[in-house]
Amino acid sequence: LNKSEKAHHDLYNCALAKHFDIILIQEPYTTPKQKYIRPPNRFLSIFPQDRIRHPKNAVRSVIWISSDLATGSWDELPIPGCNDITAVQLKGGFGRITIINIYSDCTNMKTIRQMK
């Protein structure tokens, strides 16, 4: 999608948001001045824990959770020290499921080492 604002919004507001409750995005479009990342309508954002601490580092991993899912049915899992990893844990009668969104630029092992 080449970080295109229109392409991102068309994709997740028209197609993805209607069929999925959880959307994992890598290299999301950010507004040029404020570096704001807009979630799809009816979705809550999970950002990397350190995005405020390290604002100069681009956020390259975001998870969007449908507001239709009860907020008590999932928890954000903080991953300190990196803007390239986000995680959420779902819980219910099925037990627990952990979903991790990892951005790796393939030029180094920094993000993979962060997971240890």
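The values are calculated or read from the model by the stated rules, or taken from the named source; none is laboratory data. Worth saying up front: this structure is predicted, and the values here are computed from it rather than measured. Neighbour counts are summed over all protein chains in view; Cβ atoms, including those assigned to glycine, are modelled from backbone coordinates with ideal geometry. The protein model used for the area step is the full one, side chains on, heavy atoms only, and it has no ligands, DNA or RNA in it. Shrake-Rupley method; radii C 1.70, N 1.55, O 1.52, S 1.80 Å.
Rolling a 1.4 Å probe over the protein chains gives Y103 an accessible area of about 30 Å².
Ligands, DNA and RNA aside, K35 has an accessible area near 130 Å² when probed at 1.4 Å. Using a probe of 1.4 Å on the protein chains alone, the accessible area found for R96 is around 150 Å². Heavy-atom accessible area with a 1.4 Å probe sorts C106, C82, largest first, into C106, C82.
Treating r as the C-beta distance of S4 and F94 and R0 as 35 Å, the FRET efficiency rounds to 0.45.
Taking all protein chains together, T30, T71 sort by accessible area into T71, T30, largest first [probe 1.4 Å].
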